[in-house]
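Coordinate-derived values only; no laboratory data. For clarity, every value in this text was computed on a predicted model and none was experimentally measured. Here the Cβ positions follow ideal geometry from the backbone for every residue, glycine too, while neighbour counts run over all protein chains shown.
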Amino acid sequence: MTTIEAPTETHEAISPDASTPDADDGLLSLLTTTDHKMLGMMYVRLSMLFGVAILGIGAVVGIERSQPDSIDLFGSVDQFFQAWTAYRVGLVFLVVVPLFLGLATAIVPLQVGSPAIAFPRAAALGFWCWTLGAGIVLAGFAIDGGVGTPFDRSDSEAVALTLAALVLTVIGLGLSTVCVVTTVIALRPEGMYLDRVPVFAWSMVIAGVTWLVAFGVFIGNLVLAYVDLRGRAPVLYGQEQNIFGQIQWMFAAPQVLAFAIPAFGIAGDAIATSTNQRQPRYGVLLGGIGALGVLTFGAWAQRAFQPSNQNLTENGVYVAQGILTALAMLVILGGFASAIVGSIRNIGRPNAWFIGAVAGLLMVTIAGDANVLRVIEPLDLIDTSAETSVMNYALIGALIAGVAGVYYWAPKFLGRKLSGGVGSLAMLGLLGGTIALALPDLISGFLGEGQPEFVLLGYEPESSVESLNVIAMIGAFVVAGAFALAFLDMLAASARSSEVDLADDPWGGQTLEWATTSPPPLGNFAAPVATVRSPQPLLDDEAPATDDGTEAN
Amino acid sequence: MATAEMLDLPPAPVVPRPRTLVVGTALGCAAVAGFFAALISIYVGQRQQTLGAGETWIPSGTIELTPGVFMWFTSLLSIVWMQWAIYAIARDIRKHAFVALSLVAIFGISMINQTAYYFVDMDFPVDTNAASTLLYTIVGSHMVLMIVVVVAAVFVGLRTLAGNYSSRNTDGLVSVALIWYLMVAIYTAIWYIIYVTK
């Protein structure tokens, strides 16, 4: 048997008999809770709510792009630019990253057999910083602020407010990331070496470390712009037409691919559960995800660091980074494919979360491959709509995987299963919508369509590009609609009373979160977690594992 | 009688500590390092570009070298006191650890004071050019963080004196030391890149 010594602050409140606080306990319990499942659930709900709004903004931007010469929804180029940047900023910091962190906050402590998350009060502080910051960021965009405009026509006070709120948002996400990563590194039970950590927990460690360093760099950019902007005429960094250019690296490959790393973790756990087999070559899978953490770090590729007038495609490291990232993703995908093909009979009728996990995995891998086209110099796709394509493939692919994670782990943090039929419909809608949204932009990039400069410069797209933009607009609406469907399904499930007979392990999972009740008690496990002997501890009673994670016989 | 029985008991087993605070602090340090690496890289890149165009970066005589050199030596010396605190708590000498941390805090306050003197003495308004904006952002951020770390050092020192840390639990001191060493490393970069080579 293993004993786990958690810090006093986490341990003293833990009682296996205590129940998880519920929303019925009142507003005060919501505001003051340090229970990681509750915090994770609030993160997931709020990020999905923001997701509906942000994807809606993306769809409206799609309408404008489809007929830039005849449709004038925004009234000015500056306002179009504000919406265009709000979509990017929102998708990363209000939707994708918090959705993953919400899932991780709720699930990772369970996966590693810990009675609580590390630094529970810091985790709560992180959530509330993010909530407050995200609300002000949206307000900043709404009151003519945002992250600058090309013609310097927004309200500079509102821009300063948006920048400050964005710093608060990122600090909140950073705090939550520290809590999740520390939980995996420091609170594992006996026998769970790092090469036996569940894939999702491992992917959060890798992504978390990459995010933290990138967040630091990003806050540096924001603080510099804020200092220059505030209170007087800006010199350079705070000039509105320069602000987004300094932070654009955060929303372009390779950095944008780092936000999708947890998608591989969710796919790993979901595929293993669905195939009911131990994942073959587990070490290679963990190594591949680890390599992605290094290869997708893109803070160094911002223009402020580059010698003047040097194109990034002339930088050998940048090109190699793009190619190696795609290779690592293909290796991981190949491993998953071999697991699925080898156990196809076990899958039967696929669950919604399995469809979503595989769809998200495919979209993110396509993002990595499309980025290879982007970084190859002769194709000249830098600063074209191919950048938007790679971003959408990566971020919405990650979003699909995140929604799949919500469906997969809902019994643990909601105490209820979500609707399989609605979920499957939402996943297929998200998959189809993502392809319709992102593929036309990739083709348009080859046809020479630029980033939003095509509007700024009065560029009239060719008729073929116009047609592609219409398809992309339809894709944006499908994505927004499918995501809203999944969100409503989750809300409807939350409104239902708890399923008293919900099984501890309704899917046949292999990792420790399925060894406790659904939902788990405060303290997570009624008894100390037994010594872990493989990456799939719940299969060990059925078939002992060897050191490399495969079954002994 | 009871005392004698207690003395016969076997020693308590060493409790394995998960070192959560140290791991969390190291992760936070990675983010802080990223923050300053970004700003200093922008400073160096912009300086190269400005000087390459034949323009003035920081006017000569703006930054006196002497206070910066003293600050740098102060920061280097503070590492010795911080290491003394770690050494002392590893041997359960709580009073020494407290004194060492207090000295570290005093050295930190003197560094803050010297930075404030720089701000007054430089006569280089923040909106002069890109150099001034970068200088005040980098040095100002370092000073703000230094204030936070000094408060943390005092807090940990008091907790040490109160018996919250010992050779069995050095996490608080090790964490503060980790941040402190990072602050000294960042100051070294600031001193050389901004104050010396301008």
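Can you put A:E449, A:E157 in order of Cβ neighbours within 10 angstrom, beginning with the fewest?
Going from sparsest to densest Cβ surroundings: A:E157, A:E449.
Would you calculate the separation in nanometres between label points at A:L236 and B:I147, each defined as 7 Å from the Cα along the Cα-to-beta-carbon direction?
2.7
Pop the C-beta distance of B:I109 and A:L49 into the FRET formula with R0 = 51 Å and round what comes out to the nearest 0.05.
Using R0 = 51 Å, I get an efficiency of 0.65.
From the Cα trace of the range B:93-148, what convex hull volume per residue do you get, rounded to a whole Å³?
Taking only Cα atoms, the range B:93-148 has a hull volume of 60 Å³ per residue.
Exposure proxy check: A:K417, B:K198 ranked by fewest other beta carbons within 10 Å?
Fewest to most other Cβ atoms nearby, the residues stand as B:K198, A:K417.
Out of A:L414, A:F215, A:M250, whose Cα points farthest toward the positive end of the dipole of chain A (charges: +1 Lys, Arg; -1 Asp, Glu; placed on Cβ)?
Highest projection toward the positive end goes to A:L414.
Sorting B:Y195, A:Y43 on the 10 Å Cβ count, fewest up front, what's the list?
The fewest-first ordering by Cβ neighbours comes to B:Y195, A:Y43.
Please list the equivalent ellipsoid semi-axes of the range B:84-198, computed as the square roots of five times the alpha-carbon gyration tensor eigenvalues, in descending order and whole angstrom.
Square roots of five times the eigenvalues give 34, 12, 10 Å.
For the pair B:Q83/A:S338, report the inter-label distance in nm, with labels modelled 7 Å from Cα in the Cβ direction.
4.9
How large is the Rg to Rh ratio of the range A:206-333 when both quantities use alpha carbon positions and Rh follows Kirkwood?
For the range A:206-333, the value is 1.11.
Okay, which of the range B:66-95 sit inside 18 Å, backbone N to the point 7 Å along the Cα-Cβ direction of B:Y181?
B:75-91
If you average the sequence gap of Cα pairs under 8 Å that are 6 or more apart and divide by the length of the range A:35-539, what percent do you get for the contact order?
Relative contact order for the range A:35-539 comes out at 19 percent.
Using only the Cα atoms of chain B, what semi-axes does the equivalent ellipsoid have when each is the square root of 5 times a gyration tensor eigenvalue? Give whole Å, largest first.
One finds semi-axes of 43, 17, 11 Å for chain B.
Starting from the exponent 0.38 and prefactor 2.2 Å, build the expected Rg for the range A:35-539 from its residue count and divide its actual Cα Rg by it. Please report the intermediate quantities before stating the final value.
On the way: Rg = 21.8 Å, N = 505, 2.2 N^0.38 = 23.4 Å.
It is 0.93.
Just the Cα atoms of the range B:34-89, one point each, no solvent: what log10 I(q)/I(0) does Debye give at q = 0.19 Å⁻¹?
For the range B:34-89 at q = 0.19 Å⁻¹, log10 I(q)/I(0) is -0.89.
What is the projected area of the convex hull of the Cα atoms of the range A:27-178, averaged over all directions, in nm²? Write down the numbers at each step before the final one.
On the way: hull surface 38.3 nm².
Dividing the Cα hull surface by four gives the mean projection, 9.6 nm².
List residues of the range A:44-83, by number, whose backbone nitrogen lies under 20 Å from a label position 7 Å along Cα→C-beta of A:I143.
Output list for this probe position: A:79-80, A:82-83.
Under 15 Å from a point placed 7 Å out from the Cα of B:T66 along the Cα-to-Cβ direction: which residues of the range B:120-136 have their backbone N that close?
In the range B:120-136, the label zone of B:T66 (backbone N under 15 Å from the point 7 Å along Cα→Cβ) covers B:121-122.
Could you work out how far apart the two model spin labels at A:S467 and A:D383 are, taking each label as a point 7 Å from the Cα in the direction of the beta carbon, and quote it in nm?
Output for this residue pair reads 2.9 nm.
Quick check: net charge around A:A492, other residues with Cβ under 13 Å of its Cβ, Lys/Arg +1 and Asp/Glu -1?
After counting each charged neighbour, the total is +3.
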